[in-house]
Number of protein chains: 2
Amino acid sequence: MRLAREFGVQLITENEINTIRELTGEVHYLIRRGGFFYAHRDLVPILSRQRSGLKWALYDGRGPSADLHIGHLVPWMLSKWFVDKFNVDYFFELTDDEKFLVKEGGYTLEQTNKYAYENALDLIALGFTPDKLHIIIDSEDIKYLYKIAVRVGKKLTLSTVKHTFGFTDSTNVGAAFFPTLEISVAFLPTELYGEQVPVLIPTAIDQDPYFRLARDIADELGYPPKPSTIYSKFIPGLTGEDKMSASNPDSAIYVTDSERDVRRKIMNALTGGQPTVELQRKYGGDPDNCVVYKYHLLFQDSDEKVRDIYENCRAGKLLCGECKIMLFERIREFMKEHNERRERAKDAIQQYRISVKFR
Amino acid sequence: MRLAREFGVQLITENEINTIRELTGEVHYLIRRGGFFYAHRDLVPILSRQRSGLKWALYDGRGPSADLHIGHLVPWMLSKWFVDKFNVDYFFELTDDEKFLVKEGGYTLEQTNKYAYENALDLIALGFTPDKLHIIIDSEDIKYLYKIAVRVGKKLTLSTVKHTFGFTDSTNVGAAFFPTLEISVAFLPTELYGEQVPVLIPTAIDQDPYFRLARDIADELGYPPKPSTIYSKFIPGLTGEDKMSASNPDSAIYVTDSERDVRRKIMNALTGGQPTVELQRKYGGDPDNCVVYKYHLLFQDSDEKVRDIYENCRAGKLLCGECKIMLFERIREFMKEHNERRERAKDAIQQYRISVKFR
């Protein structure tokens, strides 16, 4: 795998999966099925800490925006499972500052801050409890990060951030400084608890440069052990792109989409099916190259149902239209529940703020 | 005057001095005598606001360090007079972050933070009351600055901060970001009061680049009117250097010096006197080129005494030894009072923190 080679990460193998099963009694389908979380760096030391009863924490984040799609929720669903099974704290950084800083013109800081609150509702709606999920909104909770960021910032030259993030002399100095904050959260649990609390960071590979820098300077800053990471794939666009795309609204299902929109988008999705019903019946479809099947893998927790879909597709028993209806019904159910819980989260959001829990 | 020409500032003239007298009934000797505060940029609009009963605020700051000398107290003495006479708020930034960031190796952030508290005591000891003096310690009070700093940071490219402050690609990204914070305090009163509150910044010319940048971007950020500045000269070293120097401890009187040290330093100071008593009696001294006389100008509030010193020196009636003893006695008295008030400030310091006054 190219990414694994280039970035020095390891694929998740049966070894790690077995260790997780041993520790928790089961393995979440997003890891087990191999399709979504696929690689890691130093997952093993984290699992060893768990076995030894030593503290660690989960750390994830998001650049808040108005266009949250259901694919964004998938890694957070796994985080929920980690929190429940491993009984760990989950630190979540909403980078309203960066979203403002990197966008030429466009958003005001007030807007990106508003999106942070909106996105927080979607996160909370996945079922986290306030004792475990600690939300950091950069522009408001900077006091938790700045002292760490200053020490991180002293270790990173302009040259380093330019090379690592592709910055140039035309980059604004706010954007150039921002990486120190994303890095600082990796060290925050250690500061808050006054003991070594390494983090496991579920992330896509595009955020890896932040965490490689974090690892580079962890020792010097007195933050061993280094942060660990597990990597998720990008979720493919419904219309066939490698990645859901904000510029093509039909490539993704937004959490705010109407049932009608969701249905249309799914029914228009690119599949691995044959061009005609007759050919599908005769030769079967190709679920391994089908966006609709990939969505089933992400949102259907029943292994049996997923297996049936796969086999019936291959055997030509399941037509794409039927398969899409099944997906639509699953997503509709998922979104209905999600939006109900999201509504309830509105009253509770303050309880999840890091500022109400740590002085 | 070279600095005035190069930086586009104006000399303080009888016009400004007369306006101050008109508004307050008097003029502080540090402005009146012309020797210390000598130039300004947009002092007149600030005085006009005062006349119209419109709000403005004073803003000063310091990179905290262990080696505070009595010369550092001089501009703060004028600030005290401004606060009293104009009834304005005084925002004071202690940049423990920057002091840590720009020092290769050397200080830890804990050390520079400790110096911030130490230096705050010296500031408070000058007689400020907590309703007027608002102390910002960057590493602890970052939440007051960061939202402004992000907007400032978006306006400043790496190229701009490199050119303005002489940064290179080897500069660390924390130090590169820091100017946004020094600039942000200039806009803080406007944010805190929710109305236009421009600042007047007493400063030495070396800090001017920060405030020129602040002026450049004030309009775009919606912070009219632009910050104003008044400039003080560097205080000459006792041993004849242009500026007191940390590398020559005998060039400055530190607030922590013993009476014995103070006496020795003053008695060893370079004067404008003649080489021998006889020549001094015959030709008189040159107070205009005498460090000891400059110190009299800074620390002696009686115009009459200062005039006597000047004239008796010129006339050869006053010998350098006698003049130094007079200065020593004045400084001893000043430091005795200062240290008593500094001791009392220890119990009160928290009341001056911005965080206890603004939510």
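The values are calculated or read from the model by the stated rules, or taken from the named source; none is laboratory data. Keep in mind it's a predicted model, so treat the numbers as computed, not measured. Here the Cβ positions follow ideal geometry from the backbone for every residue, glycine too, while neighbour counts run over all protein chains shown. SASA here: full protein model, heavy atoms, side chains in, ligands and nucleic acids out. Shrake-Rupley method; radii C 1.70, N 1.55, O 1.52, S 1.80 Å.
Which of the following residues is open to solvent by 50 Å² or more (accessible area, probe 1.4 Å) and among the hydrophobic types (A, V, I, L, M, F, W, C): A:Val44, A:Val83, A:Val88? Break it down stepwise before answering.
On the way: A:Val83 fails: open to solvent by 50 Å² or more (accessible area, probe 1.4 Å); A:Val88 fails: open to solvent by 50 Å² or more (accessible area, probe 1.4 Å).
Every option except A:Val44 fails the conditions.
Looking at A:His40, A:His69, which one is under 30 Å from A:Val262 (Cα atoms) and of a type outside the set (Gly, Ala, Ser)? Show your work before the answer.
Numbers: A:His40 fails: under 30 Å from A:Val262 (Cα atoms).
After ruling out the rest, the residue left standing is A:His69.
Going through the range A:253-268 one residue at a time, which ones are in contact with a Phe, Trp or Tyr (Cβ under 6 Å, 6 or more places away or on another chain) and either open to solvent by less than 70 Å² (accessible area, probe 1.4 Å) or of a type in the set (Val, Ile, Thr) (or both)?
Of the range A:253-268, the ones in contact with a Phe, Trp or Tyr (Cβ under 6 Å, 6 or more places away or on another chain) are A:263, A:266.
The one that is in contact with a Phe, Trp or Tyr (Cβ under 6 Å, 6 or more places away or on another chain) and either open to solvent by less than 70 Å² (accessible area, probe 1.4 Å) or of a type in the set (Val, Ile, Thr) (or both): A:Ile266.
When you check A:Val161 against the structure, is it crowded, with 22+ Cβ neighbours inside 10 Å, under 20 Å from B:Asp169 (Cα atoms) and of a type in the set (A, V, I, L, M, F, W, C), yes or no? Quick ask: steps written out before the conclusion?
Working: crowded, with 22+ Cβ neighbours inside 10 Å: yes; under 20 Å from B:Asp169 (Cα atoms): yes; of a type in the set (A, V, I, L, M, F, W, C): yes.
So A:Val161 fits the description; yes.
Would you check which residues across the range B:239-252 are in contact with a Phe, Trp or Tyr (Cβ under 8 Å, 6 or more places away or on another chain) and surrounded by 17 or more Cβ atoms within 10 Å (Cβ to Cβ) and list them?
Residue satisfying the conditions is B:Met244 alone.
Name the residue that is surrounded by the most Cβ atoms within 10 Å (Cβ to Cβ), counting only residues in the range B:63-74 that are touching a Leu at 6+ places or on another chain (Cβ under 8 Å) and in contact (Cβ under 8 Å) with a residue 60 or more places away in the chain.
B:Gly71
What tally of residues in the range B:10-36 results from selecting those that are at pLDDT 90 or above and not in a helix (DSSP H, G or I)?
Residues flagged as at pLDDT 90 or above and not in a helix (DSSP H, G or I) within the range B:10-36 amount to 8.
Regarding B:Leu188, is this residue touching a helix residue (DSSP H, G or I) at 6+ places or on another chain (Cβ under 9 Å), within 26 Å of B:Ser65 (Cα to Cα), more than 14 Å from chain A (Cβ to nearest Cβ) and not β-branched (Val, Ile, Thr)?
Values: touching a helix residue (DSSP H, G or I) at 6+ places or on another chain (Cβ under 9 Å): yes; within 26 Å of B:Ser65 (Cα to Cα): yes; more than 14 Å from chain A (Cβ to nearest Cβ): yes; not β-branched (Val, Ile, Thr): yes.
When the stated conditions are applied, B:Leu188 passes them.
Is it true that B:Gly106 is open to solvent by 10 Å² or more (accessible area, probe 1.4 Å), outside any helix (DSSP H, G or I), touching a residue at least 24 places away in the same chain (Cβ under 8 Å) and more than 10 Å from chain A (Cβ to nearest Cβ)?
The answer is no for B:Gly106.
Could you identify the single residue in A:Val173, A:Val161, A:Val185, A:Val152 that is touching a strand residue (DSSP E or B) at 6+ places or on another chain (Cβ under 6 Å) and either modelled with pLDDT of 95 or more or of a type outside the set (D, E, K, R) (or both)?
Working: A:Val173 fails: touching a strand residue (DSSP E or B) at 6+ places or on another chain (Cβ under 6 Å); A:Val161 fails: touching a strand residue (DSSP E or B) at 6+ places or on another chain (Cβ under 6 Å); A:Val152 fails: touching a strand residue (DSSP E or B) at 6+ places or on another chain (Cβ under 6 Å).
Residue meeting the stated conditions: A:Val185.
Does B:Thr157 satisfy the criteria of being in contact with a Pro (Cβ under 8 Å, 6 or more places away or on another chain), of a type outside the set (A, V, I, L, M) and within 14 Å of chain A (Cβ to nearest Cβ)?
no
If you take just the helices (runs of 4 or more DSSP H) that sit entirely in the range A:238-314, which of them hold at least 3 residues that are in contact (Cβ under 8 Å) with a residue 24 or more places away in the chain and touching a helix residue (DSSP H, G or I) at 6+ places or on another chain (Cβ under 7 Å)? Before the answer, list the steps.
Details: elements: A:259-267, A:277-283, A:291-299, A:303-314.
Qualifying helices (runs of 4 or more DSSP H): A:259-267, A:291-299, A:303-314.
So A:Phe167 passes all but one of these: (1) open to solvent by 10 Å² or more (accessible area, probe 1.4 Å); (2) assigned to a helix (DSSP H, G or I). Which condition number does it fail?
(2)
Restricting attention to the range B:51-103, report how many residues are closer than 27 Å to B:Gly174 by Cα and either outside any strand (DSSP E or B) or polar (S, T, N, Q) (or both). If you could, list the steps in order and put the result at the bottom.
Our first condition is that a residue be closer than 27 Å to B:Gly174 by Cα; within the range B:51-103, this holds for B:58-68, B:72, B:90-103.
Now restrict to residues that are either outside any strand (DSSP E or B) or polar (S, T, N, Q) (or both): B:63-68, B:72, B:95-103.
Result for the range B:51-103: 16.
Name the residues in the range B:314-334 that are surrounded by 18 or more Cβ atoms within 10 Å (Cβ to Cβ) and of a type in the set (Lys, Arg), would you?
B:Lys324, B:Arg330
On the given criteria, is A:Thr180 among the hydroxyl-bearing types (Ser, Thr, Tyr) and open to solvent by 10 Å² or more (accessible area, probe 1.4 Å)? Outline the logic, then answer.
Working: among the hydroxyl-bearing types (Ser, Thr, Tyr): yes; open to solvent by 10 Å² or more (accessible area, probe 1.4 Å): no.
Against the criterion (among the hydroxyl-bearing types (Ser, Thr, Tyr) and open to solvent by 10 Å² or more (accessible area, probe 1.4 Å)), A:Thr180 does not qualify.
Looking at A:Lys99, is it within 18 Å of the chain's Cα centre (by Cα), within 13 Å of another protein chain (Cβ to nearest Cβ), open to solvent by 10 Å² or more (accessible area, probe 1.4 Å) and among the charged types (D, E, K, R)? Outline the logic, then answer.
Numbers: within 18 Å of the chain's Cα centre (by Cα): yes; within 13 Å of another protein chain (Cβ to nearest Cβ): yes; open to solvent by 10 Å² or more (accessible area, probe 1.4 Å): yes; among the charged types (D, E, K, R): yes.
So A:Lys99 fits the description; yes.
Say we look at the range A:109-138 and pick out the residues that are at the interface with another protein chain (Cβ under 9 Å from one of its Cβ atoms) and buried (at least 21 other Cβ atoms within 10 Å of the Cβ); which of these is nearest to the chain's Cα centre (by Cα)? Talk me through it step by step, then tell me what you get.
Filtering the range A:109-138 down to residues at the interface with another protein chain (Cβ under 9 Å from one of its Cβ atoms) leaves A:109, A:113, A:138.
Subset that is buried (at least 21 other Cβ atoms within 10 Å of the Cβ): A:113, A:138.
Working: A:Asn113: 20, A:Asp138: 18 Å.
Within the range A:109-138, the match that is nearest to the chain's Cα centre (by Cα) is A:Asp138.
Inside the range B:189-231, can you point out the residues that are aromatic (Phe, Trp, Tyr) and either open to solvent by less than 40 Å² (accessible area, probe 1.4 Å) or in a loop (DSSP other than H, G, I, E, B) (or both)? I'd like the intermediate steps shown before the answer.
Residues of the range B:189-231 that are aromatic (Phe, Trp, Tyr), as a first pass: B:193, B:210-211, B:223, B:231.
Once the filter is applied, which keeps residues that are aromatic (Phe, Trp, Tyr) and either open to solvent by less than 40 Å² (accessible area, probe 1.4 Å) or in a loop (DSSP other than H, G, I, E, B) (or both), the range B:189-231 yields B:Tyr210, B:Phe211, B:Tyr223, B:Tyr231.
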